[in-house]
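One structure, as structure tokens, below. Some questions next.
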Amino acid sequence: MTEVKSPEVPAPPAAESAQLAAEPTLWARIRPFLPLVVLVVAVILPYSTLHLPGIFEGALNSPGTLQLLAVCLIFGGLAAGYDLLFGRTGMLSFGHALYFAAGVYGTDILITRAGLPLWQAAPLAIVGGTILAGLIGAVALRTVGIAFAMVTLAFAQVGAILVARDFGGLTGGEEGLPLDVAGLPSRLVGVANTVNLYWLALAYLVVVVFVVHRVTGSPTGRVLAGLRDDERRIGVLGLDPYRFKLVAFTLAGGLAAAGGAVYCLIVGGASPHITSSELTLSLLVMVVLGGPGTRWGPVLGGILYMYLDHRLVSFGTSDALDALPAFLSRPLSQPLFVLGTVFILAVYFFPGGLASLAPRLTLLRNSLRLGPRQPD
Amino acid sequence: MDTVILLTLTGLGLAALYFLVASGLSLVFGLADVLNFAHGLFLGFGAYATWWAAGNLPGAGSDGFGFVVAVAFGVAAGTLMAVLVELVLIRPLYSRTIEQVLVTVGLSLAGVALLQATWGADARPFPRPEWTRQVTTILGAQVPNGGLLLIVAAALVLGAILAFLRWTRYGLIIRAGVENREMVTALGIDVRKAFTLVFAIGGAAAALAGALGSVYFGTVSPQQGGSLLIFAFIVVVIGGMGSVVGSAYAAVAVGLLQQFVNYYGTSGLGDICVVALLAVVLLLRPQGIAGKVATA
């Protein structure tokens, strides 16, 4: 028997189940289909001309809004892939940006410098990124815990140096490398076709969520959860922790590389800032804010983080902020200051992230409802 | 020959900078198991505090004794900040390693953004004494004085930390704590006081690195700490976590390797060689040069 049981599904709080048994509400019946509903809404969103002033600058189907949404979706998928390492297996990798960058730069270089068509370039870049993750994982996983974090960080730094120093004139150095659109299918080129890129990003997110869901449910996924909870115990059961961790690391690297290939198309090129360790750190922030080890938490965290990161910049230059005194308005105009502070607060006060918010609120509501009855 | 001496001395200057950052990191990690991402922030904060003091603090200036006062102010500010971070943010999360790392990550993001918000993202010219801009001729090689200053400072800090660890009661507690924290606690010693102390030492060394590194580079910028921090991490891993002497050896190896390969090979190749060295050390000797021992 290689199957390992893990406490992956937390039992719903007793108060909630009692309430559900009493009244099988419409909400309880709809709830399992909620992701599907959201997906359908997301698919047909580009057909809407709705204006949401304050939330988006243009109409929902304007290219600017769609591109922002597409980037948010990509990072939702990236965070979900990173969670496979951090939340599900308990590996703290600080080098995830490397595999994402491998996807972005791999696709870009193969199309722009080597002149390959997209359908060859993207799979090659993804396979290359996956192999890279496998090789680096094989070395880095000889260490555990914090040392592993440092080693992955160091390897990612090599990627950043390689890109910035521009060996062989491939990466364009500090300037970045704009994508040569001549080799692309015409449906993916031009401002009018942003909607296709949006759908592509959505498809990527769906694929990542599906893969992570399947892996977590499989026997391998249970071993990963076991590694997170107690690695020695998995070893005692006769399973090799190294191999399972390498599988998770390689898979997460491959998913990140795929995200990079799509991201390259959306932003139309590659720039060196995506190789920085800051990107990995923000992935970590996304996962922790969303709720590590949950299905939707990291996705929500990634989407929300990217959205705030983009929108806080325009908030930072808005008039409302200028009215504040300088010692308040200056820090608030820095998105990273706001997000970093929120992150620290989240570590202290919301350890489960956004995903734990709903059960907590239910608990609070129930205790408030039960409160007055307790005296008698 | 001149070139070799010049490269050796500038490499040692770089090594001194790495050592100043890595010694604190290594002690903090060895004792409290905290991987401190905010260490780069201490460095940046110390550098900016020195820069501010040189321009604004009465009695401080950019030359002579005034410069010493400015650096002392910067180091004091960095120390104070490190102590505050430990007391307010790290201590409540005692023995929850991952959460501690997360908090320092958040702090490094927010802190650098705050530096950027206050003093702008661009590098600013750093006020430095006239003599640090000049060169000294050693065996025919013209070595920048800023680098020599770093080497002297790092040697002094190394000596001071070793003396402190060797001959004082708190040094003894720290050495024992690195080796076996539970045992120290079981003997009725409050090891958390030693945590605060180690953070203070690390913060002071990092702030000194920030101030003297800015003298060496001639500018100060918010991102300075972050780029140094990664190499400091590498130095800590190669040197063995918790070992100050190991950090010193590793810093020298990393600094010299980087300087020589960057000069004789392509620029940037040295940085990659450093990571290759890290991979080799990990494969052959995963616990680092010195292992988990506080002194040699």
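Every number here is computed from the coordinates shown, using simple stated rules; none is lab data. Just so you know, these numbers come straight off a predicted model, no measurement behind them. A quick note on method: Cβ atoms are made from the backbone with ideal geometry, for glycine too, and the neighbour counts reach across all protein chains shown.
Can you give the charge dipole size of chain A about its Cα centre, rounded to the nearest 20 debye, using +1 on the beta carbon of Lys and Arg and -1 on the beta carbon of Asp and Glu?
It works out to roughly 920 debye.
Now, a different point. What do you get for Rg/Rh over the stretch A:60-370 if you use C-alpha atoms and the Kirkwood form of Rh?
Using only Cα positions, Rg/Rh for the stretch A:60-370 is 0.99.
Put +1 on the Cβ of every Lys and Arg and -1 on every Asp and Glu Cβ in the protein assembly as shown; which of B:146, A:268, A:349 then has its Cα farthest towards the positive end of the dipole?
Projecting each Cα onto the dipole axis, the largest value belongs to A:349.
I've got another one for you. With runs of 4+ DSSP H residues as the only contributors, calculate the mean residue ellipticity of the protein assembly as shown at 222 nm using -39,500 (n - 2.57) per run, divided by the residue total and rounded to the nearest 500.
Calculated mean residue ellipticity at 222 nm is -23000 deg cm²/dmol.
Once you've got the GNM for chain B with C-alpha springs shorter than 10 Å, pick whichever of B:176, B:77, B:49 has the biggest mean-square fluctuation.
Most flexible of the set in this elastic network: B:176.
Return the average number of partner chain Cβ atoms within 10 angstrom of each residue Cβ along peptide A:150-156.
Average neighbour count from other chains, rounded to a whole number: 6.
Order of B:221, B:243, A:218 from fewest to most other C-beta atoms within 10 Å?
A:218, B:221, B:243
Another question, then. Sort A:245, B:193 so the one with the fewest other Cβ atoms within 10 Å of its own Cβ comes first.
Ranking A:245, B:193 by Cβ neighbours within 10 Å, fewest first, gives B:193, A:245.
Just add up the charged neighbours of residue A:177: K/R +1, D/E -1, any other residue whose Cβ is under 15 Å from the Cβ of residue A:177.
-3
Now for a different question. Any chance you could check the Cα centroid distance between the stretch B:79-153 and the stretch B:233-250 for me, in angstrom?
First find each Cα centre; the distance between them is then 18 Å.
Would you list B:179, B:86, A:278 from fewest to most Cβ contacts within 10 Å?
B:179, A:278, B:86
Over the Cα atoms of the stretch A:93-200, what Rg and Dmax result, in angstrom?
15.9, 49
Of B:5, B:134, B:178, whose Cα points farthest to the positive end of the dipole of chain B (charges on the beta-carbon: +1 Lys, Arg; -1 Asp, Glu; origin at the Cα centre)?
The listed residue farthest towards the positive side: B:178.
With Cβ to Cβ distances under 15 Å as the rule, what net charge do the other residues near residue A:80 carry (K, R +1; D, E -1)?
Net charge in that neighbourhood comes out at +2.
Here's a follow-up. For the stretch A:63-95 and the stretch A:260-294, compute the distance between their C-alpha centroids and round to whole Å.
Value for the Cα centre distance between the two parts: 6 Å.
Around residue A:118, what is the net charge, scoring Lys/Arg as +1 and Asp/Glu as -1 over all other residues with Cβ under 12 Å from its Cβ?
Taking every other residue near residue A:118 into account, the sum is -1.
A follow-up question, please. Under 8 Å for C-alpha pairs, at least 6 residues apart: give me the relative contact order for the stretch A:60-370, rounded to a whole percent.
Relative CO of the stretch A:60-370 lands at 31 percent.
Then there is this: Just checking the output field for A:92-103: average partner chain Cβ neighbours within 10 Å of each residue's Cβ?
1
Ok, one more. As I understand it, the dipole of the stretch A:78-180 uses +1 on the Cβ of Lys and Arg and -1 on the Cβ of Asp and Glu, about the Cα centre. Which of A:178, A:128, A:148 lies farthest toward its positive end?
Value: A:148.
Under a crude label model (7 Å from the Cα following the beta-carbon direction), how far is residue A:220 from residue A:207 in nanometres?
Once both label points are built, they end up 1.6 nm from each other.
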